[in-house]
Amino acid sequence: MTKEIRIIPLTDMPAFVGALMQGRKVLAPTRNDDGLCVFAWLSAPEQADWTCGIPRVPPKQALLPRTEVFFRYHREKGKETVSPPPPPEPQAVLGLHPCDVQAVKVLDAVFSAEPSPDQPYLERRAVTTLIGRGFSEDEPLVFCRELGIDPMDNRDCDAFLVPLAANRMALEILTDKGAALKPAYERFPPAGAEDRAAIAEARKLSQARSTPPLDMAAIQRNLETIFNSDLWNRIHEPCVGCGACAFLCPTCHCFDIQEETRGLDGARVRVWDTCQFDLFTRHASGHNPRTSQKERSRQRIMHKFSYGVDRFHIPFCVGCGRCIAACPAHNDVRQILKEIQDLAKAEKP
Amino acid sequence: MNTDKNTKPNPYIPYPVTIDRVVVENEARDIKTFRLVFQNPEDRRRFDFRVGQFAELSLLGFGESPIGIASSPLDRDYVEFTVKQYPTGVVTTELHNAEPGRPMGLRGPMGNGFPLEKMAGKNIVIISGGFAVTTLRATIRYLLHPDIRSSVKNITVIYGARSPGELCYKDEFAEWSKRKDIAVTLTVDNAAQGWKGRVGFVPAVVADVKPSPLDAVCLICGPPVMLKYTMPELTKLGFKPGDTYLSFEMRMKCGIGKCGRCNIGPKYVCIDGPVFSLAEVSTLPAEY
């Protein structure tokens, strides 16, 4: 069976987005008050901005909210009642760059892993529809091609938008969840042979621009031998430990569990946290296994390119470049990766 | 992806339990043992643990704290935890103020526990210092159970504390000291009036007692300084790194390998540990 493809003129995108918003929340690229592109929940269909490249704020909040209530409670003397939150509402994430789709795969791997799958995450994931978006031009700072991710690749999406000539988008329907969007796309005409050929051509052009990927296996191997290398001094010395790299990373998922209380009522909540902070690992006794920013900077790189790969066979970096754009100290993960490749050649453990 | 897994229970919601009994363990009164009973008896069966595992003690409004299980799995009616209070510890401080009858929560069991399969049929050497003895107390209780005792050969225990008043589980150790099927040596760092046991640091006592490494598995829990000086003594006696196990402590939150803070290199202490053999530890970066 041929894949269903519909053609949506850019001027009709608000109508499509508006229909998507019927019965589900939609997270999409928008511009904030400062004109910066961010993924945010739409309150009106016109807010979705198709001029955004990679939004500075990633879409991970759709699956891992900044603050997520595990349960609420009420305490009285001798009695406590716990109530779980209502089940998550259906939602769609619209306009994901293929590297952000890969980031969802990383989160899926972590949160579905045994022995204890993360039930709140999986519940939210089950009601989430992923609508990716192809990019015919390479965005600045994005190095996903070096990680083997093609900006036109529609894999792991439920539906996928491909930009076409004459200010139009093609909407590819890829899964049952994608097909469930029918009420939103059925008013738009199916793609003809010419548009199908144009989509195929766009994919071919993108693949032709592929760059030699980084040797991730070599990087992982090398990282095992340079735990005590001087490299970590060079990385951490300019680092101010702000954690922007982690909070803006689409794959960083480390979290804290906190209490929010008012009187005898309260909630136990999951909040974003980062290995870049001193408190992250500090014991109640005061002992801290990662005493300085050096250990913490090293942990972030090791987790992404060694430990994560070890456990899940997938790098915890998708080449979106957000950390490069945000770092106040101008640390550049592309340089760090190249250095790790070369360093292990020059330096024996 | 497979979303069938979302039919599993939410791992972040604790079992409701009630504090049944509180025992002050030491003279400083900052170590107490809490006996918890499950409010729904079927939860005790779900809380199916082995010695050496831990759980998150949950106090609504205060938070959670990961603590080793101090009772034996064969103590079927309750679960016990021995908790040291730290002035900086919000949860441990609130817990130390709690009295029997107070409801609280329990999440777990978590972690791998001691290698019971490997211990079967072996001589068992247990070395501990201070209040790190908790999961080893669970192990001794378990191994001494009439149904279990014959599954291992000799049991040798060396346990030390700063002073006699700081030894935990005093009554139990006194009783075990009288038994023929376990060899217990208690020691304190400084001589004290009325103390009839040994005086000396754990490493020196290990060197003196000379537990045999033959056909033996050694479990060791204690403060870093004790571990540092006891390991060379065990090596001198001939204990192999693959047969010596220790249990790590880490700041933990989720306890199920998600929140990302308790790793030592690629290993998560909460799911791959807390128990590691010395052979495994030697392959990990010294970030603990």
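Please pick out the residue among B:PHE201, B:PHE131, B:PHE173 that is out of contact with any Pro (no Cβ under 8 Å at 6 or more places or on another chain) and at pLDDT below 95.
Values: B:PHE201 fails: at pLDDT below 95; B:PHE173 fails: at pLDDT below 95.
Sole residue among the options that is out of contact with any Pro (no Cβ under 8 Å at 6 or more places or on another chain) and at pLDDT below 95: B:PHE131.
If I ask for residues that are within 11 Å of chain B (Cβ to nearest Cβ) and assigned to a loop (DSSP other than H, G, I, E, B), which ones from the stretch A:300-323 would you list?
Answer for the stretch A:300-323, where residues must be within 11 Å of chain B (Cβ to nearest Cβ) and assigned to a loop (DSSP other than H, G, I, E, B): just A:PHE316.
What number of residues within the stretch A:62-74 are buried (at least 18 other Cβ atoms within 10 Å of the Cβ) and of a type outside the set (A, V, I, L, M, F, W, C)?
The number of residues fulfilling the criteria is 2.
Looking at the structure I just gave you, is B:VAL83 within 14 Å of another protein chain (Cβ to nearest Cβ) and either more than 12 Å from the chain's Cα centre (by Cα) or closer than 18 Å to B:THR33 by Cα (or both)?
Yes: the conditions hold for B:VAL83.
Could you list all residues from the stretch A:104-152 that are part of a loop (DSSP other than H, G, I, E, B) and either in contact with a Phe, Trp or Tyr (Cβ under 9 Å, 6 or more places away or on another chain) or under 30 Å from B:MET110 (Cβ atoms) (or both)?
Residues satisfying the conditions are A:ALA113, A:GLU114, A:PRO115, A:SER116, A:PRO117, A:ASP118, A:VAL127, A:GLY134, A:VAL142, A:PRO151, A:MET152.
So that you can scan it fast, the table gives a plain yes or no per residue for (1) within 21 Å of B:GLN53 (Cβ to Cβ); (2) touching a Lys or Arg at 6+ places or on another chain (Cβ under 7 Å); (3) surrounded by fewer than 20 Cβ atoms within 10 Å (Cβ to Cβ):
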site: B:LYS118; (1), (2), (3): yes, no, yes
site: B:ASN123; (1), (2), (3): no, yes, yes
site: B:LEU136; (1), (2), (3): yes, no, no
site: B:PRO146; (1), (2), (3): no, no, yes
site: B:ILE155; (1), (2), (3): yes, no, no
site: B:TYR169; (1), (2), (3): yes, yes, no
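Being outside any strand (DSSP E or B) and of a type in the set (Gly, Ala, Ser) is the filter here, so list the residues in the stretch B:247-283 that pass it.
B:GLY255, B:GLY257, B:GLY260, B:GLY265, B:GLY273, B:ALA279, B:SER282
If the Cβ limit is 6 Å and pairs must be 6+ apart or interchain, which residue in the stretch B:256-276 that is more than 7 Å from chain A (Cβ to nearest Cβ) and more than 15 Å from A:SER306 (Cβ to Cβ) pairs with which residue that is among the hydrophobic types (A, V, I, L, M, F, W, C) and in a strand (DSSP E or B)?
If the second residue must be among the hydrophobic types (A, V, I, L, M, F, W, C) and in a strand (DSSP E or B), the pairs left are B:CYS270/B:MET110.
Run A:LEU279 past the list (1) more than 29 Å from A:LEU36 (Cα to Cα); (2) in contact with a helix residue (DSSP H, G or I) (Cβ under 6 Å, 6 or more places away or on another chain) and report the number of the one that doesn't hold.
Here A:LEU279 clears every test but (2).
Given the options A:ALA184, A:ALA109, A:ALA113, A:ALA92, name the one that is touching a Ser or Thr at 6+ places or on another chain (Cβ under 7 Å) and either touching a residue at least 24 places away in the same chain (Cβ under 8 Å) or outside the structural domain of A:ALA48 (by TED's automatic domain parsing) (or both).
Only one candidate qualifies: A:ALA92.
Would you please name the residue that is nearest to the other protein chains (Cβ to nearest Cβ), looking only at residues in the stretch A:254-277 that are under 25 Å from the mean Cα position of the chain (by Cα) and assigned to a loop (DSSP other than H, G, I, E, B)?
First pass over the stretch A:254-277, keeping only residues under 25 Å from the mean Cα position of the chain (by Cα): A:254-258, A:268-277.
Checking the rest, the ones that are also assigned to a loop (DSSP other than H, G, I, E, B) come to A:254, A:273-277.
Numbers: A:CYS254: 3, A:ASP273: 7, A:THR274: 9, A:CYS275: 7, A:GLN276: 12, A:PHE277: 10 Å.
Among them, the one singled out is A:CYS254.
If a residue has to be in contact (Cβ under 8 Å) with a residue 60 or more places away in the chain and more than 12 Å from every other protein chain (Cβ to nearest Cβ) to count, how many in the stretch B:96-120 make the cut? Outline the logic, then answer.
Of the stretch B:96-120, the ones in contact (Cβ under 8 Å) with a residue 60 or more places away in the chain are B:96, B:98-116, B:118-119.
Retained after the next criterion (residues that are more than 12 Å from every other protein chain (Cβ to nearest Cβ)): B:96, B:106, B:113-116, B:118-119.
Of the residues in the stretch B:96-120, 8 are in contact (Cβ under 8 Å) with a residue 60 or more places away in the chain and more than 12 Å from every other protein chain (Cβ to nearest Cβ).
Any residue at all in the stretch A:258-272 that's of a type outside the set (Lys, Arg), closer than 21 Å to A:HIS236 by Cβ and either surrounded by fewer than 18 Cβ atoms within 10 Å (Cβ to Cβ) or out of contact with any helix residue (DSSP H, G or I) (no Cβ under 7 Å at 6 or more places or on another chain) (or both)?
Among the residues of the stretch A:258-272, not one is of a type outside the set (Lys, Arg), closer than 21 Å to A:HIS236 by Cβ and either surrounded by fewer than 18 Cβ atoms within 10 Å (Cβ to Cβ) or out of contact with any helix residue (DSSP H, G or I) (no Cβ under 7 Å at 6 or more places or on another chain) (or both), which makes the answer no.
Can you tell which of A:ARG221, A:ARG203 is more than 30 Å from A:GLU68 (Cβ to Cβ) and more than 14 Å from every other protein chain (Cβ to nearest Cβ)?
None of the others qualify; the one that does is A:ARG203.
Check whether at least one residue in the stretch A:278-299 is closer than 20 Å to A:ARG221 by Cβ and more than 7 Å from chain B (Cβ to nearest Cβ), and report yes or no.
Yes; the residues of the stretch A:278-299 include at least one that is closer than 20 Å to A:ARG221 by Cβ and more than 7 Å from chain B (Cβ to nearest Cβ).
Just one of A:VAL93, A:VAL82 is touching a strand residue (DSSP E or B) at 6+ places or on another chain (Cβ under 7 Å) and under 19 Å from A:LEU181 (Cβ atoms); which is it? Even if it seems obvious, please write down each step before you answer.
Working: A:VAL82 fails: under 19 Å from A:LEU181 (Cβ atoms).
That would be A:VAL93, the only listed residue that is touching a strand residue (DSSP E or B) at 6+ places or on another chain (Cβ under 7 Å) and under 19 Å from A:LEU181 (Cβ atoms).
May I ask you to say which residue of A:ARG203, A:ARG209, A:ARG196 is modelled with pLDDT under 95 and either touching a Leu at 6+ places or on another chain (Cβ under 6 Å) or farther than 26 Å from A:MET21 by Cα (or both)? Before the answer, list the steps.
Numbers: A:ARG203 fails: modelled with pLDDT under 95; A:ARG196 fails: modelled with pLDDT under 95.
A:ARG209 is the lone residue from the list that is modelled with pLDDT under 95 and either touching a Leu at 6+ places or on another chain (Cβ under 6 Å) or farther than 26 Å from A:MET21 by Cα (or both).
So, of the residues in the stretch A:111-133 that are within 7 Å of chain B (Cβ to nearest Cβ) and among the hydroxyl-bearing types (Ser, Thr, Tyr), which turns out to be surrounded by the most Cβ atoms within 10 Å (Cβ to Cβ)? Give the derivation first.
Kept after step one, since they are within 7 Å of chain B (Cβ to nearest Cβ), are these residues of the stretch A:111-133: A:111-113, A:115-120, A:122-123, A:125-126.
From what is left, the residues that are among the hydroxyl-bearing types (Ser, Thr, Tyr) are A:112, A:116.
Values: A:SER112: 18, A:SER116: 20.
Per the stated criteria, the residue is A:SER116.
Any idea which of (1) buried (at least 18 other Cβ atoms within 10 Å of the Cβ); (2) within 11 Å of another protein chain (Cβ to nearest Cβ) is the one B:PRO73 doesn't satisfy?
Result: B:PRO73 fails condition (2) only.
Hey, among the residues in the stretch A:153-178 that are in a loop (DSSP other than H, G, I, E, B) and acidic (Asp, Glu), which one's surrounded by the fewest Cβ atoms within 10 Å (Cβ to Cβ)?
A:ASP156
From the list A:PHE255, A:PHE247, A:PHE316, A:PHE312, exactly one residue is free of Cβ contacts under 8 Å to residues at least 40 places away in the same chain and surrounded by 15 or more Cβ atoms within 10 Å (Cβ to Cβ). Which is it?
Within the list A:PHE255, A:PHE247, A:PHE316, A:PHE312, the selection yields A:PHE247.
How about the stretch B:65-75: which of its residues are over 11 Å from the mean Cα position of the chain (by Cα) and within 12 Å of B:GLY108 (Cα to Cα)?
Result: B:SER65, B:PRO66.
Going through the stretch B:30-47 one residue at a time, which ones are modelled with pLDDT of 95 or more and more than 19 Å from A:PHE71 (Cβ to Cβ)?
Residues satisfying the conditions are B:ASP30, B:ILE31, B:LYS32, B:THR33, B:PHE34, B:ARG35, B:LEU36, B:VAL37.
Take the residues in the stretch B:44-65 that are in contact with a helix residue (DSSP H, G or I) (Cβ under 6 Å, 6 or more places away or on another chain) and of a type in the set (Gly, Ala, Ser); name whichever of them is farthest from the other protein chains (Cβ to nearest Cβ).
So the residue we want is B:GLY52.
Looking only at the stretch B:239-255, filter to residues that are crowded, with 21+ Cβ neighbours inside 10 Å and of a type in the set (Phe, Trp, Tyr); which one of those is farthest from the other protein chains (Cβ to nearest Cβ)?
Once the filter is applied, the top-ranked residue is B:PHE239.
The values are calculated or read from the model by the stated rules, or taken from the named source; none is laboratory data. In this text the structure is predicted, and so the values were computed from the model without any measurement. Positions of Cβ are generated from backbone atoms using ideal geometry, with glycine treated the same way; all protein chains shown enter the neighbour counts.
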